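Read through the structure below, which is laid out as structure tokens, and then see the notes.
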Amino acid sequence: MTPRWICLAAVALFGLISVSAQAATIQVTIDKLVFVPAEVTAKVGDTVEWINKDILAHTATATNGDWNVTIAPKQTSRLVVKKPGTADYFCKYHPNMKGRVVVTP
Ligand SMILES: [Cu+2]
């Protein structure tokens with residue numbers, strides 16, 4: 001290998017490591033009109049992924065209006081969290097469905 005190749009390989013490897021160390025995907029399953037787990041913790045930049053196992057459409061709607069995610073039946077939807085803090089959310093179609101995302105910096 002030439003020094004140029006070694007340098008490129010090092011940059012690529014470092015990029016892979018730093019990306020995997022920073023961003024995680026946190027999964028919430030929706031099963032029979034319940035968010036499981038009801039509360040998850042994420043870091044800024046992480047992705048929250050809702051997996052809808054029901055045959056009904058649901059939403060994850062932040063009570064403070066910051067975000068609104070629709071999850072079609074048997075589908076998965078994702079949100080990248082950008083703001084630290086505690087976000088309570090609910091489903092617009094089934095308001096007794098409630099969850100919480102705690103975002104740490
Ligand atoms: Cu719902």
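The values are calculated or read from the model by the stated rules, or taken from the named source; none is laboratory data. Because the structure is a prediction, the values reported are computed rather than measured. Ideal geometry is used to build each Cβ from the backbone, glycine not excepted, and the neighbour counts take in all protein chains shown.
Go through the residues of the stretch 44-53 one by one and say whether even a single one is within 13 Å of the ligand (Cβ to nearest atom), of a type outside the set (A, V, I, L, M), within 13 Å of the chain's Cα centre (by Cα) and at pLDDT 95 or above.
Step one: of the stretch 44-53, the residues within 13 Å of the ligand (Cβ to nearest atom) are 50, 52-53.
Now narrow it down to the ones that are of a type outside the set (A, V, I, L, M): 50, 52-53.
Okay, now just the ones that are also within 13 Å of the chain's Cα centre (by Cα), so 50.
From what is left, the residues that are at pLDDT 95 or above are 50.
Yes, some residue in the stretch 44-53 is within 13 Å of the ligand (Cβ to nearest atom), of a type outside the set (A, V, I, L, M), within 13 Å of the chain's Cα centre (by Cα) and at pLDDT 95 or above.
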| note | Selection from the stretch 46-98 of residues acidic (Asp, Glu) and under 18 Å from residue 32 (Cβ atoms) yields 54
| request: List the number of the failed condition for residue 38; all other conditions in (1) within 16 Å of the ligand (Cβ to nearest atom); (2) small (Gly, Ala, Ser); (3) surrounded by 13 or more Cβ atoms within 10 Å (Cβ to Cβ) hold. | output: (3)
| task | Six or more apart or on different chains, Cβ under 8 Å: which pairs go from a residue in the stretch 11-35 that's over 16 Å from residue 78 (Cβ atoms) and modelled with pLDDT of 95 or more to one that's within 16 Å of the ligand (Cβ to nearest atom) and among the hydrophobic types (A, V, I, L, M, F, W, C)? Could you list them? | result | 33/56; 33/91; 33/97; 34/97
| remark: Across (1) surrounded by 13 or more Cβ atoms within 10 Å (Cβ to Cβ); (2) more than 14 Å from the ligand (Cβ to nearest atom); (3) under 19 Å from residue 95 (Cβ atoms), residue 64 clears everything bar (1)
| Quick one: in the stretch 82-105, which of the residues that are outside any loop (DSSP other than H, G, I, E, B) and over 18 Å from residue 25 (Cβ atoms) is nearest to the ligand (Cβ to nearest atom)? | 90
